[in-house]
Structure formats: structure tokens, C-alpha cells
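Just so it is clear, none of the values below were taken in a lab; they were calculated from the coordinates. This structure is a prediction, so every number in the text was calculated from the model and none was measured. Ideal geometry is used to build each Cβ from the backbone, glycine not excepted, and the neighbour counts take in all protein chains shown.
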Amino acid sequence: MVEKENKANEILKYLQTGKELSTMQGIELFNTTSIARYIQELRNQGIEINTDIRKNEKTGSSYGVYTLSSKELKEISTMLQNAKQCKSSGKVKDAENIKKNVLELVNSYIEN
């Protein structure tokens, strides 16, 4: 079970960078063909993940591309921007506290 939880966590961290993830990328980046299963697991934890269905122009087959909901990304992005502003204005302790809050937020998504 630990490996499964780690893969879901790795996928969440990847999506939190704002990048999209397809099944082919899942094979390359996470060594799994079960991206949809991990996405569903994250959704069951309350994480909002969008699915964009695309069509392969050469083969005509459809595939899903996953992205983190803009709500989730916006919340994390705002916190990180605040941390950066604090650090650049010399408020290192405040920046560290915000960083800690971001990590707690990510962990709460994973644990719930």
C-alpha cells in the first residue's frame, strides 16, 4: 500500500506545478499505466482534478489529460507568492511559516 500512496502523492505534487498529465506521461514519469486509478484516488480525497478528453490526430483514439483544478492551484499559488514577498522583504520567519502552511495543505489533501 505504501507504494500506491507514494505514487498518488507524487502525481499530486506533479499536478501542483501546474502541468498537465496524460497516460503516456504517467508511463514515462511515474512508471505506471494506472494514472486514472491514482487520479480517482486523489479525487476520493477531495482534490479537484479536471479531465480534458483529447483525440490523437494520427490514430483517432481518445485519451484523458489531467490538471489540478484552478481553485486548488490558485490557493497554493497565492500562498507561495506571499512567502516569496515575505522572504524578499526580509521576513524570513513569516516566509517559513507560509511554506509550512503550504506543506500542511498538501498533506491534508493527501490524508483526507
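Classify the stretch 1-56 from the C-alpha gyration tensor, please: rounded if a/c falls under 1.5, else prolate or oblate depending on whether a/b exceeds b/c.
Numbers: a/c = 1.57, a/b = 1.21, b/c = 1.30.
Note, shape of the stretch 1-56 comes out oblate.
Rounded to whole Hz and in sequence order, give me ³J(HN,Hα) for the stretch 32-48 from the Karplus expression 6.51 cos²θ - 1.76 cosθ + 1.60, θ = phi - 60°, writing x for Gly and Pro.
Running phi through 6.51 cos²θ - 1.76 cosθ + 1.60 with θ = phi - 60° gives 8, 9, 9, 4, 4, 5, 5, 4, 5, 4, 5, 4, 5, 8, x, 8, 7 Hz.
From the residues G46, V92, V102, which one has its Cα farthest along the dipole of the stretch 2-111 in the positive direction, the dipole being from +1 and -1 charges on Cβ of Lys/Arg and Asp/Glu about the Cα centre?
Going by the Cα projections, it comes out as V92.
Between [x] 30, 16, 12; [y] 54, 19, 7; [z] 19, 16, 12, which matches semi-axes √(5λ) of the Cα gyration tensor in Å calculated for the structure shown?
Comparing each candidate, only [x] matches the computed number.
Could you give the size of the charge dipole of the stretch 2-111 about its Cα centre, using +1 on the Cβ of each K and R and -1 on the Cβ of each D and E, expressed in debye and rounded to the nearest 20? Let's see the in-between values first.
Numbers: 17 positive and 15 negative charges, 65 e Å.
So the dipole magnitude of the stretch 2-111 works out to roughly 320 debye.
If the elastic network links every pair of Cα atoms under 10 Å, which of S77, S34, S62 fluctuates the most in the Gaussian network model of the chain?
S62
How do L68, L42 rank when sorted from fewest to most other Cβ atoms within 10 Å of their own Cβ?
Ranked by crowding around the Cβ, least crowded first: L42, L68.
Could you give me the ³J(HN,Hα) list for the stretch 78-87, computed from phi with Karplus coefficients 6.51, -1.76, 1.60 and θ = phi - 60°, whole Hz, x at Gly and Pro?
4, 4, 5, 5, 4, 4, 4, 5, 4, 5
Which whole-number percent is the relative contact order of the chain (Cα, under 8 Å, 6+ apart)? Present the calculation step by step, with values, prior to reporting the outcome.
Working: 111 pairs, mean separation 26.7, N = 112.
Taking the mean separation of contacting Cα pairs over the length of the chain, I get 24 percent.
Considering Cα pairs under 8 angstrom that are at least six residues apart, work out the relative contact order of the stretch 11-63 and quote it in whole percent. Before the final figure, lay out the partial values.
Values: 28 pairs, mean separation 12.6, N = 53.
Normalised by residue count, the contact order of the stretch 11-63 is 24 percent.
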